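Please read the structure below before turning to the comments.
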Amino acid sequence: MSIVGNSMGVGRSGTDRHKTMMRIRNYRWIYVMLVPVLLYFAVFKYAPMYGIVIAFKNYNVFKGITGSPWVGLAVFRKIFANSNFWHSIRNTFVLNLLTLAVSFPLTITVSLMINEVANRYFKKVVQSILYLPHFISWVVVASIVVNMFSQNGGTINLMIQKLGGSSVPFLSSNGWWIFTYVASNIWKEIGWGTIIYLAALTGVDESLYEAAYLDGATRFQRLIYVTLPSIKSVIVVMLILQISKMMTIGLDAPLLLGNKKVMEVSEVISTYTYRMGIEQAKYSESTAIGLFQSVVNVVILAAADRFAKAIGEDGIL
Amino acid sequence: MKNKITAGRVINVLLLTALTFICLYPFLNVLAYSFSGYNAVLTGNVTFYPKDFTLSAYQEILGKKQIWQSMRTTVTVTLAGTALSLVLTIIAAYALSITDLPGRKLLTGIILFTMYFGGGLIPTFLVVKGVGLYDTLGALFIPSAVNVFNFIVMRTFFRSLPSSLEEAARIDGASYLQVLVHIILPLSLPIIATIGLFYAVDYWNSYFNALLYIVSPEKYTLQLRLRSLLFGGELNSTANLEGVGSMVMSQSLKMATVAVSTLPILVVYPWLQKYFVKGVMVGSVKG
C-alpha cells in the first residue's frame, strides 16, 4: 500500500522522486535477494489463485486452463444441488463446534490449574508432557487411536470387556466416531492451547493478589475475582479467533480417522474437496468448493475482526 | 502465603498428575505393544508396560527395506526442505525488517495476503504438476517452502535487534549481504534454531503432500509408508481394522513402526521445547 502512497507523494517534486530513486538504488541488492522469495510466492501462491478460474469453466485436462470453455456459475449450481456438499459443511461445523465447546473451557481450566502449581519443577514436567502430542504427526496419532479404540482387540474395548461391559464401536458408529474424533483432537492440542493463557497469566499484577489476600479473599475467590478478569481480554480474543475458524478444518484427522461406515459424519469440506478433486478428478467442482470455502472464511474473519475491535479488543487480522 | 499446603492445592496436583498420565498413556501403550510378545498382545493383557518382553518386532521392522528407504526419503526431504525454508524465510524477514526499504509494505502485504486467501487444493496441484514437480521429492518441500507465520516470527525478531550495529557496519562499507551474514545471523542463532526445528518437524510429520504428489512406492516418505502399512494402503481402512481378516501386520509390529518413526521427534523435543514458547508468543504479536 505505502509504495503507492510514497511514489505518488514524491511524484509532486523532482527532488523527492530523486531521493526515492536513490533509496531504491541503495537497496538494489536487497531487491535482488528478494527475487527467489517473490518467485516462490508468485509460482506457488499467486499462480494457483489464477487457477481458481477453472471454477467458472468446464475444465478439460487436454485443453488446459485457458482453452477450457467458460460456463459461468454452472459448476456452483451443480455443487450447491448436491446434498453431499451440504453434509460436508454441516459436518465441518458440528465437529469444529463440539471440539471448541469441550476444548475451550478445558484449555482455560488446565491453564489455571498449571498456573496454581507452586513447585516449579512439577510445573515444568507437566507442561513438557502436555505440549508433546502437538508435535506428533496425525498418521501416528491415528494409528495409536485405532490401536486403542478399535472394536476388535483395541486396548480400551478389551478393558471394557474385562470389566464385564460389551464392546463399544468407537470407530464405526456415527455418534461414537464423533466422540473419538473430538477426544483425539483434544488430547493432541490441549497442552499447546495453554501456552497463550499461561503467558497471559504471568502478566497478572502480583499486587492485586496481595491486596485480595489482605482483604481476606480465599484462593478460589482470588481466582474468580482477580485472575479471570485479568486474562479476560485474551479469552475473548481467543474465542473470537476460534469461532472465525469454524469453516476451516484440518484434513489429516478426518481423513485418517474416517472410514466408509461413518462417512455420513466424517466427510468434511477438506476431505470432500480432496475426494472430488484427486480421487474423482472433478477439478472444476473441487476448485469451486475450495473457492466457496475461502470466500466464506475471509468474510467470517473480517466480521470477527470488526467485532473484536467493536468490543474494544485488538483486531485479529 | 504462597506455599501453604491446602486441600485444594493437593487436589490440583493430583488432577494434573492424572491429566499428564492420560497424555502420556498412549505413548506408553505404543511402547508396551512394541516390546510385547505375540500371545500377550493377542489376549489383550498389554496396557502401559511390556508383557513377555521381546525385541522381535523391532528386529522385523528394521529388517524391512521399505522402512529404510522411506526413512532416507524423509531425512532427505527434511534436511533439504529445512535448508531451503530457512534461507527463504531469513532473506524475506531480513529484507522486510528494513523500515525504510521502498515498497516494504506492498511486498509484506503480498506475503501476508497468502495467509488469508489461496488458490486451494486443485489449482495448487495443477501448478505443482505444471512445473514438473509431480512424483519428485521436490514436490514435498518446494511448494510449501515459506511458512508465513514463521516469517512473521523471524521478522519480529530481526526488528528487535539494535539497528546501531547494522548502521556501523554499513558506514564501514559492508554490503547488506555482509551485514546479514556477519552481524545479523550470529545474533539470531536461537531464533534460527527455533524456526529451523519448526520447519523440520513439519517436514518430518507432513503426509498430505506426499499423498498428493508421490505415486512411486520407492519415493514414499515415512508417514506415507506408515499409513500404507498401518491402514492397509486403503483410504477407508479404519473400518477394515474392525474386522479380523485384515490384520495385515501384528499389532506389535505396527506399534514398533510407530515408535521408530516418532523417535526422531522425541529426540529433538527437548531442544524444541526450549524455544517454541517464545516463538509462539512473538508470532502472536504480529505487526
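The values are calculated or read from the model by the stated rules, or taken from the named source; none is laboratory data. As the structure is a prediction and not an experimental result, all values here were calculated from the model. Here the Cβ positions follow ideal geometry from the backbone for every residue, glycine too, while neighbour counts run over all protein chains shown. All accessible areas refer to the heavy atoms of the entire protein, side chains included, with ligands and DNA or RNA removed. Shrake-Rupley method; radii C 1.70, N 1.55, O 1.52, S 1.80 Å.
Observations
- Filter pass, A:ALA42 being assigned by TED's automatic domain parsing to the domain that holds A:GLN242, open to solvent by 20 Å² or more (accessible area, probe 1.4 Å) and closer than 30 Å to A:SER286 by Cα: no
- One residue stands out in region A:233-290 among those that are part of a loop (DSSP other than H, G, I, E, B) and open to solvent by less than 20 Å² (accessible area, probe 1.4 Å): the one that is nearest to A:VAL141 (Cα to Cα), namely A:GLY258.
- Counted as qualifying within region B:99-178 are the helices (runs of 4 or more DSSP H) with 2 or more residues that are under 23 Å from A:TYR283 (Cα atoms), namely B:104-116, B:121-130.
- Some residue of region A:164-182 being among the β-branched types (Val, Ile, Thr), assigned to a loop (DSSP other than H, G, I, E, B) and within 11 Å of another protein chain (Cβ to nearest Cβ): no
Listed here are the residues, each with its yes/no results for (1) within 13 Å of chain A (Cβ to nearest Cβ); (2) farther than 30 Å from B:LYS219 by Cβ; (3) among the aromatic types (Phe, Trp, Tyr); (4) under 19 Å from the mean Cα position of the chain (by Cα).
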residue	(1), (2), (3), (4)
B:LYS64	no, no, no, no
B:LEU107	yes, yes, no, no
B:THR114	yes, no, no, no
B:GLY119	yes, no, no, no
B:PRO123	yes, no, no, no
B:THR136	no, no, no, no
B:ALA139	yes, no, no, yes
B:THR156	no, yes, no, no
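- Of the residues making up region A:80-87, at least one is more than 27 Å from the chain's Cα centre (by Cα), over 30 Å from B:ASP100 (Cα atoms) and either free of Cβ contacts under 8 Å to residues at least 24 places away in the same chain or surrounded by 12 or more Cβ atoms within 10 Å (Cβ to Cβ) (or both).
- Of A:ILE231, A:ILE235, A:ILE240, A:ILE249, all but one fail to be in contact with a Leu (Cβ under 7 Å, 6 or more places away or on another chain), over 15 Å from A:ARG90 (Cα atoms) and assigned by TED's automatic domain parsing to the domain that holds A:TRP138; the exception is A:ILE231.
- Cβ-Cβ distances below 9 Å connect the following pairs, each with a first residue in region A:111-138 that is among the hydroxyl-bearing types (Ser, Thr, Tyr), a second residue that is loosely packed, with under 15 Cβ neighbours inside 10 Å, and a separation of six or more residues or different chains: A:SER128/B:PRO270.
- Every pair of residues 6+ apart whose Cβ atoms lie under 7 Å, when the first sits in region A:189-205 and is surrounded by fewer than 21 Cβ atoms within 10 Å (Cβ to Cβ) while the second is of a type in the set (Phe, Trp, Tyr): A:TRP192/A:TYR131
- The listed residue being modelled with pLDDT of 90 or more and facing chain A (nearest Cβ under 8 Å), out of B:PHE231, B:PHE208: B:PHE208
- Filter result (among the small types (Gly, Ala, Ser), within 30 Å of the chain's Cα centre (by Cα) and more than 14 Å from every other protein chain (Cβ to nearest Cβ)) within region B:37-60: B:SER56
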